[in-house]
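**Student:** This is the structure I want to talk about, given as structure tokens.
The values are calculated or read from the model by the stated rules, or taken from the named source; none is laboratory data. Not measured: the values here are computed from a predicted model. Cβ coordinates were reconstructed from backbone atoms using ideal geometry, including for glycine residues, and neighbour counts include every protein chain displayed. Please note that ligands, DNA and RNA were not included when accessible areas were found on the heavy atoms of the full protein model with its side chains. Shrake-Rupley method; radii C 1.70, N 1.55, O 1.52, S 1.80 Å.
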Amino acid sequence: QVQLVESGGGLVQPGGSLRLSCAASESIVSFNAMGWYRQAPGKQRELVAVDTKGGITNYADSVKGRCTIYRDNEKNTVYLQMISVKPEDTAVYYCRTIYNGRLYWGQGTQVTVSS
């Protein structure tokens with residue numbers, strides 16, 4: 001059973017930056033892909049960024065150039081660095097991975113972009 005714990009959310013002003021963290025209870029070296037998703041009120045959950053085991057990253061068009069996903073294997077943590085945040089980035093951000101054929105989600109961390 002893998003546990004994913006997100007942190008780093010909060011209130012940030014438009015144009016600001018923040019870094020979200022997702023700490024895993026297992027070594028992430030063997031995780032095929034780790035991703036960040038978000039869900040805004042009244043909207044479906046959507047992919048923000050994904051980091052594959054091979055080091056390939058993909059980003060949603062809405063965050064390209066403003067987000068960076070990266071892993072720290074020693075800390076079993078994946079990060080999402082966000083810059084130039086916008087009000088439309090407001091959402092609950094979730095970490096996700098697939099391990100041994102099972103899908104795991106974290107509990108989410110709220111990000112609110114507002115002045």
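Yes or no, residue by residue, for (1) open to solvent by 40 Å² or more (accessible area, probe 1.4 Å); (2) outside any strand (DSSP E or B):
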site	(1), (2)
Q1	yes, yes
G16	no, yes
S21	no, no
G42	yes, yes
L47	yes, no
D61	yes, yes
R71	yes, no
Y79	no, no
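**Student:** Can you name the residue in the range 96-115 that is surrounded by fewer than 19 Cβ atoms within 10 Å (Cβ to Cβ) and hydrophobic (A, V, I, L, M, F, W, C) and, of all such residues, is nearest to M34 (Cα to Cα)?
**Tutor:** Across the range 96-115, the extreme among qualifying residues is I98.
**Student:** Quick check: anything in the range 78-86 under 17 Å from E46 (Cα atoms) and free of Cβ contacts under 8 Å to residues at least 40 places away in the same chain?
**Tutor:** No, because not a single residue in the range 78-86 is under 17 Å from E46 (Cα atoms) and free of Cβ contacts under 8 Å to residues at least 40 places away in the same chain.
**Student:** Take the range 81-95 and flag every residue that is more than 13 Å from M34 (Cα to Cα) and either in a loop (DSSP other than H, G, I, E, B) or open to solvent by 20 Å² or more (accessible area, probe 1.4 Å) (or both).
**Tutor:** Of everything in the range 81-95, those that are more than 13 Å from M34 (Cα to Cα) and either in a loop (DSSP other than H, G, I, E, B) or open to solvent by 20 Å² or more (accessible area, probe 1.4 Å) (or both) turn out to be Q81, I83, S84, V85, K86, P87, E88, T90, V92.
**Student:** Filter the range 23-40 for residues that are outside any loop (DSSP other than H, G, I, E, B) and surrounded by 13 or more Cβ atoms within 10 Å (Cβ to Cβ) and give the result. Step through it out loud before you land on a result.
**Tutor:** So the first thing to find is which residues in the range 23-40 are outside any loop (DSSP other than H, G, I, E, B), and the list is 23-24, 28-30, 33-39.
Matches in the range 23-40: A23, A24, I28, A33, M34, G35, W36, Y37, R38, Q39.
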